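Enquirer: Quick one: the structure is below, questions incoming.
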Amino acid sequence: MDAILAAAAQVFEAHGYAAGTTNRIAVKAGVSIGTLYQYFPSKEAIAVALLEQHIADTDHRLHEWVGHMVVEQHSLSEALNDYVTDMLEMHSRQPRLQHILLEETPMPERVHHALLEAERQAAKTVAGLLRLYPEVRQSGLEHTCFVVVQSVESLTHRFAAHPNDRFIPRTTFVNEVVTMLLAYLTCEARHE
C-alpha cells in the first residue's frame, strides 16, 4: 500500500491528475493492476488516501513545531520564522501534488470535513502556543490563529508551487511573511 501511494504521488506530480492513470501508478509501484485494485478501488481512492496522509503529516509537523517552541522558548519572531520555514519546506517537496490533491481531486464529504476539522485544530494548536507570548495582543486568539494558519498555508503553498514565478528570494519571502504575522499579532485588536 505504501509503495502504491508513493508511486501515485510521483505519477500525479509528473503527469497531473487526469493523466495519472492507475496503470501508470501500478507500473511505477512495480505491482500488477490487479494488486493495485486490491488496495484501492479507483484513482480517486488513491488521491483521497494521499490527501488524508497530507492532513496527518501537516498535523504532526505542527505539533512538533509547537513542542519545539515550548521546550526551546524561542522568541515570537523566531517561532514564526520556524513555522513559516517549516511549512514552506513541506510544500516545496511536491508542490504540484499538493495543488492536485487540494484543487483537482474530487473530495468525498468525509474528507472535506476532515480537512475543515484539521484547519480548526491547527488554529487551536497555534493559539495554545501564542498564548505564551505576552506581546500577542489579539483577544479572539482562535479566530486570529485561523487567519494565521490560512495565511501561512496559502502563501507558502503558492510560493512553493510556482518556483519559476518567484521575484523575491526564499529568505526574503520568509522574512516578509514573518513581518506581516508579527504586525498582525502584536497590533491593538479591533473588534466591531
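The values are calculated or read from the model by the stated rules, or taken from the named source; none is laboratory data. This is a predicted model, so every value here is computed, not measured. Cβ: placed from backbone, ideal geometry, glycine included. Neighbour counts: every protein chain shown. These accessible areas exclude ligands, DNA and RNA; they are computed on the full protein's heavy atoms, side chains included. Shrake-Rupley method; radii C 1.70, N 1.55, O 1.52, S 1.80 Å.
Enquirer: Of all residues in segment 157-185 being within 17 Å of Tyr133 (Cα to Cα) and in contact (Cβ under 8 Å) with a residue 60 or more places away in the chain, which is surrounded by the fewest Cβ atoms within 10 Å (Cβ to Cβ)?
Expert: Checking each candidate, the answer is Leu182.
Enquirer: Still on this structure, please answer the following. Looking only at segment 8-23, which residues are assigned to a helix (DSSP H, G or I), more than 20 Å from Pro95 (Cβ to Cβ) and open to solvent by 40 Å² or more (accessible area, probe 1.4 Å)?
Expert: Asn23, the sole residue that qualifies.
Enquirer: Asp86 is checked against (1) of a type in the set (Asp, Glu); (2) farther than 30 Å from Gln138 by Cβ; (3) in contact with a Leu (Cβ under 9 Å, 6 or more places away or on another chain) and fails just one. What number does that condition carry?
Expert: It is condition (2) that Asp86 fails.
Enquirer: How many residues, within segment 49-101, are surrounded by fewer than 16 Cβ atoms within 10 Å (Cβ to Cβ), charged (D, E, K, R) and under 19 Å from Glu117 (Cβ atoms)?
Expert: 3
Enquirer: Now for a separate question. Return the residue satisfying two criteria in turn: it lies in segment 126-143 and is aliphatic (A, V, I, L, M) and part of a loop (DSSP other than H, G, I, E, B), and of such residues it is most open to solvent (accessible area, probe 1.4 Å).
Expert: So, considering only residues that are aliphatic (A, V, I, L, M) and part of a loop (DSSP other than H, G, I, E, B), the one most open to solvent (accessible area, probe 1.4 Å) is Leu132.
Enquirer: A follow-up question, please. Run Val27 past the list (1) more than 30 Å from Pro169 (Cα to Cα); (2) open to solvent by less than 50 Å² (accessible area, probe 1.4 Å); (3) of a type in the set (A, V, I, L, M); (4) in a helix (DSSP H, G or I) and report the number of the one that doesn't hold.
Expert: Unmet for Val27, out of (1) more than 30 Å from Pro169 (Cα to Cα); (2) open to solvent by less than 50 Å² (accessible area, probe 1.4 Å); (3) of a type in the set (A, V, I, L, M); (4) in a helix (DSSP H, G or I): (2).
Enquirer: Pairs, please: C-beta under 8 Å, at least 6 apart or cross-chain, first residue touching a residue at least 40 places away in the same chain (Cβ under 8 Å) and in segment 127-142, second assigned to a loop (DSSP other than H, G, I, E, B) and open to solvent by 90 Å² or more (accessible area, probe 1.4 Å)?
Expert: Arg137/Glu188; Ser139/His191; Gly140/His191
Enquirer: Continuing with this model, one more query. Regarding segment 83-97, can at least one residue be identified that is part of a helix (DSSP H, G or I) and farther than 20 Å from Ala161 by Cα?
Expert: No, segment 83-97 contains no residue that is part of a helix (DSSP H, G or I) and farther than 20 Å from Ala161 by Cα.
Residue by residue, here is whether (1) within 19 Å of Thr179 (Cα to Cα); (2) assigned to a helix (DSSP H, G or I); (3) without any contact (Cβ under 8 Å) to a residue 40 or more places away in the chain; (4) of a type outside the set (Val, Ile, Thr) holds:
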residue	(1), (2), (3), (4)
His60	no, yes, yes, yes
Val70	no, yes, no, no
Ala79	yes, yes, no, yes
Leu102	no, yes, no, yes
Leu115	no, yes, no, yes
Lys124	no, yes, yes, yes
Val149	yes, yes, yes, no
Val152	yes, yes, no, no
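Enquirer: Taking segment 88-116 as the region of interest, how many residues are modelled with pLDDT of 85 or more and of a type in the set (D, E, K, R)?
Expert: Here the count works out to 3.
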